Amino acid sequence: MYLFLAILSFVFLLISLRYNWWRIPQSYKKTRVLMYHSISEHIKNEKFNKWKVKPQDFEKQMNWFYKNNWKSFIISELVKLDKIPEKSFVITFDDGYEDNYLNAFPILKKYNFKATIYLVPNQKTNHWEEKNTSVLSNLLNEKQILEMQNSGLIEFGSHTLSHVNLSTINDEQLLNELKKSKEEVEKITNKECEAFAYPYGKFDDKIVQVVKNVGYKNATVVKRGLFEQNDDIFTIKRVGILGTESFVDFLLKITRIRNKL
């Protein structure tokens with residue numbers, strides 16, 4: 001009997017370490033800004049699968065938000081709200097993968113959910129990931145971007161011209177990456193580009209100031225966290241949703257922000 005209880009306790013401890021159910025649930029008055037990348041099937045033995053959420057998993061996640069009466073916003077709406085309602089969330093996609101149109105967009109339309117997509121404009125593939133993936137992915141083309149924008153559900157922001165780590169370049173290059181990418185997104189959409197996402201989540205005070213100077217109205221980072229009314233809108237924290245985690249992980253991230261140690 002003692003051995004059984006000891007084994008049971010050990011198993012319970014292991015489960016609690018892997019799935020942090022014991023963390024304090026976060027208030028639904030705080031907004032969940034979700035960070036996605038690709039919505040596509042996995043490739044066998046591909047480490048980039050971490051950034052690929054399977055379409056059926058994305059559907060399940062959106063269905064959960066819909067059934068639990070969550071309200072979606074684009075990021076540029078959220079930061080302008082006088083009062084953020086409970087159960088508010090923002091869907092963001094980094095890089096602008098073609099599968100955002102092929103696989104995510106039909107699901108977003110089904111549930112009437114909004115999203116912000118950060119483009120690396122005028123690029124054909126995610127070539128910056130050559131060392132991290134065996135197969136490069138196509139990015140959105142102009143026709144797809146305009147169809148998504150015309151739905152009224154999708155906002156397009158910038159993710160720089162070349163997906164460069166902004167902390168590694170000089171001031172002239174920094175200005176060019178931020179200013180030109182904003183202009184290129186605006187050429188495609190014929191709308192002001194208000195939103196920006198820092199590639200790799202890399203930023204400092206100087207980078208933030210240039211983001212402001214060139215005319216962006218908000219910016220998101222990779223650092224984990226929730227958004228509250230008076231937070232800095234140029235360093236908005238997000239909750240990363242990964243393709244290699246379970247639905248239990250997803251629920252823990254939404255309710256407790258952290259799913260494991």
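Assorted remarks:
- Residues in the stretch 51-81 that are hydroxyl-bearing (S, T, Y), assigned to a helix (DSSP H, G or I) and open to solvent by less than 20 Å² (accessible area, probe 1.4 Å): S76 only.
- Elements of type strands (runs of 3 or more DSSP E) contained in the stretch 109-220, each with 2 or more residues being more than 30 Å from N63 (Cα to Cα) and open to solvent by 10 Å² or more (accessible area, probe 1.4 Å): none
- Cβ-Cβ contacts under 8 Å between residues 6 or more apart (or on different chains), taken from a first residue in the stretch 37-50 that is closer than 11 Å to T133 by Cα to a second residue that is of a type in the set (D, E), are listed as F48/E129.
- Reported count of residues in the stretch 222-237, each being in contact (Cβ under 8 Å) with a residue 24 or more places away in the chain, of a type outside the set (F, W, Y) and not in a loop (DSSP other than H, G, I, E, B), is 4.
- For the stretch 82-106, filtering for residues that are part of a loop (DSSP other than H, G, I, E, B), touching a residue at least 12 places away in the same chain (Cβ under 8 Å) and farther than 18 Å from T125 by Cβ leaves 5.
- Hits in the stretch 21-50 - residues which are open to solvent by 70 Å² or more (accessible area, probe 1.4 Å) and among the hydrophobic types (A, V, I, L, M, F, W, C): W21, W22, I24
- Whichever residue in the stretch 212-245 is polar (S, T, N, Q) and more than 24 Å from S72 (Cβ to Cβ) and, among such residues, is modelled with the highest pLDDT: N213
The rows are residues; the columns are (1) at pLDDT below 95; (2) over 24 Å from V79 (Cβ atoms); (3) within 16 Å of the chain's Cα centre (by Cα).
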residue	(1), (2), (3)
T133	yes, yes, no
E142	no, yes, no
E172	no, yes, no
N176	no, yes, no
E192	no, no, no
V210	no, no, no
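The values are calculated or read from the model by the stated rules, or taken from the named source; none is laboratory data. These figures come from a predicted structure and were not determined experimentally. Glycine gets a Cβ as well: all are built from the backbone with ideal geometry, and neighbour counts include every protein chain shown. Protein only, heavy atoms only, side chains kept; ligands, DNA and RNA dropped before computing areas. Shrake-Rupley method; radii C 1.70, N 1.55, O 1.52, S 1.80 Å.
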